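Working notes, beginning with the structure itself.
The values are calculated or read from the model by the stated rules, or taken from the named source; none is laboratory data. None of the values given here were measured: they were computed from a predicted structure. Cβ coordinates were reconstructed from backbone atoms using ideal geometry, including for glycine residues, and neighbour counts include every protein chain displayed. Each accessible area value is taken on the protein alone, full model and side chains, heavy atoms only, with ligands, DNA and RNA left out. Shrake-Rupley method; radii C 1.70, N 1.55, O 1.52, S 1.80 Å.
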Amino acid sequence: LRHRRGRTIATFDAAHTQFKTAIHLRGRGIDYVMNTKGNQPTLYRQVFDRRLPLLQQKPGHQEERSHGRIKRWTVWTTTAEGIRFPYARTVAVIRREEFDLTGARLTKEYAFIITSLRKERATPTAIHTHVRQHWGIEN
């Protein structure tokens with residue numbers, strides 16, 4: 001849990017991306033940022049289907065870090081309109097790539113995020129920060 005501007009935001013990996021969790025949190029005024037995967041196949045498909053149109057657009061945020069390898073995170077966001085999940089307002093797609101120092105890509109993966117945060121609070125940069133901080137806590 002993190003507090004931002006008087007609001008609490010809870011971040012979750014896919015195991016905790018559940019309807020009841022979202023309802024419970026929002027009923028207490030807590031926003032969520034949740035990762036979606038195959039354990040919620042309908043939700044995952046709905047969010048996944050937003051990916052291709054987004055990837056045709058310029059990303060909203062991109063960050064690179066290097067410590068012997070180059071890690072690039074690229075983030076796109078769009079509305080969650082039409083997605084059946086409690087209080088869902090925004091969908092994000094995060095592409096994580098890792099390159100060696102010559103520029104050869106070593107890995108590429110995608111994360112699909114659903115959040116109750118509205119567009120003005122769910123910017124690509126904000127989503128990137130929430131997700132990075134979530135994993136920083138676990139690691």
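Specify which of the listed residues (Thr79, Thr36) is out of contact with any Asp or Glu (no Cβ under 6 Å at 6 or more places or on another chain), among the β-branched types (Val, Ile, Thr) and open to solvent by 60 Å² or more (accessible area, probe 1.4 Å).
It is Thr79.
Quick one: which residue in Ala22, Ala10, Ala15 is open to solvent by 60 Å² or more (accessible area, probe 1.4 Å) and closer than 15 Å to Ile113 by Cβ?
The conditions single out Ala15.
Which of (1) in contact with a helix residue (DSSP H, G or I) (Cβ under 8 Å, 6 or more places away or on another chain); (2) more than 15 Å from Phe85 (Cβ to Cβ); (3) not in a strand (DSSP E or B) does Ala15 not meet, given it meets every other one?
Tallying (1) in contact with a helix residue (DSSP H, G or I) (Cβ under 8 Å, 6 or more places away or on another chain); (2) more than 15 Å from Phe85 (Cβ to Cβ); (3) not in a strand (DSSP E or B), Ala15 fails exactly one: (1).
Can you name every residue in region 55-76 that is surrounded by fewer than 18 Cβ atoms within 10 Å (Cβ to Cβ) and either more than 25 Å from Gly103 (Cβ to Cβ) or touching a residue at least 60 places away in the same chain (Cβ under 8 Å) (or both)?
Pro59, Glu63
Examine region 106-121 for a residue that is more than 17 Å from the chain's Cα centre (by Cα) and either surrounded by 14 or more Cβ atoms within 10 Å (Cβ to Cβ) or over 26 Å from Ile30 (Cα atoms) (or both), and state whether such a residue exists.
Looking for residues that are more than 17 Å from the chain's Cα centre (by Cα) and either surrounded by 14 or more Cβ atoms within 10 Å (Cβ to Cβ) or over 26 Å from Ile30 (Cα atoms) (or both), one finds at least one in region 106-121, hence yes.
Assuming Arg89 fulfils every condition listed in (1) basic (Lys, Arg); (2) modelled with pLDDT of 95 or more; (3) out of contact with any Ser or Thr (no Cβ under 6 Å at 6 or more places or on another chain) apart from one, which condition is it?
(3)
Identify, by number, the condition in (1) part of a loop (DSSP other than H, G, I, E, B); (2) without any contact (Cβ under 8 Å) to a residue 24 or more places away in the chain that Leu52 doesn't meet.
Every listed condition holds for Leu52 apart from (1).
Considering region 41-54 alone, what residues qualify as being open to solvent by 30 Å² or more (accessible area, probe 1.4 Å), of a type outside the set (Phe, Trp, Tyr) and modelled with pLDDT under 90?
Asp49, Arg50, Arg51, Leu52, Pro53 - these are the residues of region 41-54 that are open to solvent by 30 Å² or more (accessible area, probe 1.4 Å), of a type outside the set (Phe, Trp, Tyr) and modelled with pLDDT under 90.
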